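Below is one structure; the comments refer to it alone.
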Amino acid sequence: MEFVDREEELKALKENYKSKKASFVVMYGRRRLGKTELIKQFLKGIKGVYFLATDEDITKQLKSLSSLIGVKLGIEDLARFGTVDWESLFMRIANVELKERLVIAVDEFPHLVKADKAIPSIFQKGWELYLKDRNVMLILSGSSIGMMQKEVLNQASPLYQRNTAIIKLKPLRVDYAIKMAGNLKFIDALKVYFIFGGIPAYYTYIEECKNFDEVLEAIFKQTSIFVDEISVILSEEAKNTGVYLDIIDFIANGVNRPSEIASKLAIPASEVIRYLNVLLRVGIVEKSLPVTKKIERRSKGGVYEIKDNYALFWSRYIKRNIEKLSLEGYKSVASAVQKEFDSFASIMFERFAKDFLAFMSITRKLGFTLTKIGRWWGLNLEKKSAANQEEIDVVAFNEDTKDILFVECKWSNSKVGKEVYYDLKRKAAFVQWYNNERHEHFALFSKSGFTKDMKEIAKKEDAMLFDLLSIEKVLNV
């Protein structure tokens with residue numbers, strides 16, 4: 001599959017490579033984001049050593065790494081026999097006149113630390129005494145976000161502030177992600193994005209699929225990576241993954257406050273907060289408040305929501321079908337999920353709209369840039385009943401220009417009409433945000449298009465209408 005996106009990350013690596021001083025780059029991010037592929041793309045055509053760390057004996061790993069470096073530097077004895085001493089390895093590198101920059105990329109660095117707790121101190125000494133004044137570029141990469149932060153980036157780490165660049169890899173931008181499913185028709189590619197989001201590795205497992213039915217079958221095969229994927233991601237961060245999986249499931253089903261989760265688990269709320277902080281760090285959950293309010297990490301307000309697309313899909317369809325998979329087979333389960341997928345798609349269409357608007361903002365296709373995008377909910381004081389809360393699918397704004405965009409999304413088989421638009425305008429009046437200064441904009445997203453009346457109103461009032469065809473054109477996929 002073609003390597004896509006990552007222009008900024010490759011640019012940062014190339015700038016460090018071209019630096020006149022030694023470079024020390026730290027790269028991290030959850031599994032499946034493409035750290036390894038990014039490093040390998042960068043190493044093409046340059047003098048570099050790629051080493052994938054494991055949990056095996058540290059002496060064996062040192063011998064393997066030193067042999068690779070020996071081959072690259074043309075040091076025959078080092079290539080043949082390696083070394084069993086880290087300091088001698090760093091010293092051998094330092095004693096070679098490097099006319100061309102040597103890149104040493106250690107992937108999954110946390111595995112080295114697990115094998116030997118002294119590794120951060122050893123690398124700090126090697127960098128300070130032998131490498132930092134040489135024509136060398138060191139890359140330390142890892143999927144365990146907690147370990148990379150603790151052992152490399154934390155103030156207490158021996159490696160703290162030795163780095164010349166930090167690259168935190170994020171999911172692919174929406175247009176690049178959908179391009180990875182480009183062999184499917186657009187609506188199917190969009191559905192795949194609803195499940196996978198911007199995680200590039202997932203798309204490689206469905207590149208032979210010809211339609212969405214085949215994608216679902218590929219996901220539910222018990223030999224696929226997907227059944228245990230959330231457990232595997234969490235295993236990089238914690239030992240007791242079972243509690244985390246329960247919390248994800250609770251949040252996915254609307255139990256989204258620490259006190260409520262604590263009650264379900266019969267543990268203190270303070271302990272739940274610790275679990276939630278890990279899920280926040282990995283990017284599986286997020287703390288959510290109405291978009292017009294400021295989010296503070298320690299704030300008691302707000303609710304927790306599932307941020308990761310696949311985690312939500314896993315909770316809704318895989319966790320609940322484990323027994324059926326073994327009794328009925330993957331094709332039967334995939335067929336059942338296909339029949340009810342529109343209910344999931346209606347939720348994910350709102351999320352997609354946020355990603356799509358962010359894309360339009362960054363590519364200057366919106367007419368104004370955005371500084372914040374999210375959901376909004378609040379009270380309608382005009383209603384006297386208890387059910388007086390209003391919600392808007394997406395609200396996005398620019399705090400400097402005071403532009404604000406109100407969005408409604410409909411994933412249905414009916415065309416969206418003017419009643420949806422006027423209801424959106426009604427709800428917008430309840431959003432308290434620079435009321436007398438703001439410039440209001442409105443947009444509707446619809447799977448099935450818009451009525452003739454709505455199209456005419458949109459022209460008169462300059463409202464934005466996005467059906468699947470116009471979305472595909474904007475994304476240029």
For the stretch 202-217, what are the residues that are buried (at least 18 other Cβ atoms within 10 Å of the Cβ) and in a helix (DSSP H, G or I)?
Y202, Y203, F212, V215, L216, E217
Return the pair list, or none, for Cβ contacts closer than 7 Å from residues in the stretch 63-80 that are over 15 Å from A94 (Cα atoms) and open to solvent by less than 10 Å² (accessible area, probe 1.4 Å) to residues that are of a type outside the set (S, T, Y) and at pLDDT 95 or above, at least 6 apart or on different chains.
L65/F51
Flag for V232 being at pLDDT below 95, farther than 12 Å from S315 by Cβ and in a helix (DSSP H, G or I)
yes
Residue among L279, L325 that alone is open to solvent by less than 40 Å² (accessible area, probe 1.4 Å), within 20 Å of the chain's Cα centre (by Cα) and within 20 Å of A252 (Cβ to Cβ)
L279
Within the stretch 375-384, can one find any residue that is surrounded by 16 or more Cβ atoms within 10 Å (Cβ to Cβ), touching a residue at least 60 places away in the same chain (Cβ under 8 Å), charged (D, E, K, R) and in a strand (DSSP E or B)?
yes
Per the filter on the stretch 109-152, residues in a loop (DSSP other than H, G, I, E, B), among the small types (G, A, S) and in contact (Cβ under 8 Å) with a residue 40 or more places away in the chain are S143, S144
Residues that are open to solvent by less than 50 Å² (accessible area, probe 1.4 Å), of a type in the set (F, W, Y) and either free of Cβ contacts under 8 Å to residues at least 24 places away in the same chain or in contact with a helix residue (DSSP H, G or I) (Cβ under 7 Å, 6 or more places away or on another chain) (or both): does the stretch 2-22 have at least one?
no
Residue selected from the stretch 426-444 under the condition in contact (Cβ under 8 Å) with a residue 12 or more places away in the chain and open to solvent by 70 Å² or more (accessible area, probe 1.4 Å), by the criterion farthest from E350 (Cα to Cα)
E437
Pairs only if they're at least six apart or on different chains, beta carbon under 6 angstrom, first in the stretch 329-345 and within 14 Å of E214 (Cα to Cα), second surrounded by 14 or more Cβ atoms within 10 Å (Cβ to Cβ) and of a type in the set (A, V, I, L, M); list them, first residue then second.
V333/L325; A334/L216; V337/L216; Q338/L216
Candidate set: the stretch 408-425, residues that are touching a Phe, Trp or Tyr at 6+ places or on another chain (Cβ under 6 Å) and over 11 Å from A443 (Cα atoms); chosen: the one least open to solvent (accessible area, probe 1.4 Å)
V416
Just a yes or no: is a residue in the stretch 292-304 surrounded by 15 or more Cβ atoms within 10 Å (Cβ to Cβ), in contact (Cβ under 8 Å) with a residue 12 or more places away in the chain, among the hydroxyl-bearing types (S, T, Y) and over 30 Å from F397 (Cα atoms)?
no
I'd like the residue in the stretch 236-258 that is touching a residue at least 12 places away in the same chain (Cβ under 8 Å) and open to solvent by 40 Å² or more (accessible area, probe 1.4 Å) and, out of all such residues, is farthest from Q149 (Cα to Cα).
N253
Output yes when any residue across the stretch 29-51 is hydrophobic (A, V, I, L, M, F, W, C), open to solvent by 50 Å² or more (accessible area, probe 1.4 Å) and free of Cβ contacts under 8 Å to residues at least 60 places away in the same chain, and no when none is.
no
Here are K372, K447: which of them is in contact (Cβ under 8 Å) with a residue 12 or more places away in the chain, surrounded by 15 or more Cβ atoms within 10 Å (Cβ to Cβ) and either on the phi < 0 side of the Ramachandran plot or touching a Ser or Thr at 6+ places or on another chain (Cβ under 7 Å) (or both)?
K447
Looking at the stretch 88-108, can you tell me whether even one residue there is under 31 Å from the mean Cα position of the chain (by Cα) and assigned to a helix (DSSP H, G or I)?
no
In the list K354, K331, which residue meets the criterion of being in contact with a strand residue (DSSP E or B) (Cβ under 6 Å, 6 or more places away or on another chain) and part of a helix (DSSP H, G or I)?
K354
Quick one: is L405 in contact (Cβ under 8 Å) with a residue 40 or more places away in the chain and open to solvent by 20 Å² or more (accessible area, probe 1.4 Å)?
no
Here's a check for you: in the stretch 259-271, which residue that is in a helix (DSSP H, G or I) and open to solvent by 30 Å² or more (accessible area, probe 1.4 Å) is nearest to S143 (Cα to Cα)?
E271
Tell me the residue from V192, V152 that is surrounded by 22 or more Cβ atoms within 10 Å (Cβ to Cβ) and touching a Cys at 6+ places or on another chain (Cβ under 9 Å), please.
V192
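The values are calculated or read from the model by the stated rules, or taken from the named source; none is laboratory data. The structure presented is a predicted model; accordingly, all values stated were derived computationally and were not measured. Cβ coordinates were reconstructed from backbone atoms using ideal geometry, including for glycine residues, and neighbour counts include every protein chain displayed. Just so you know, the surface numbers come from the protein's heavy atoms only, side chains and all, with ligands and any DNA or RNA stripped out. Shrake-Rupley method; radii C 1.70, N 1.55, O 1.52, S 1.80 Å.
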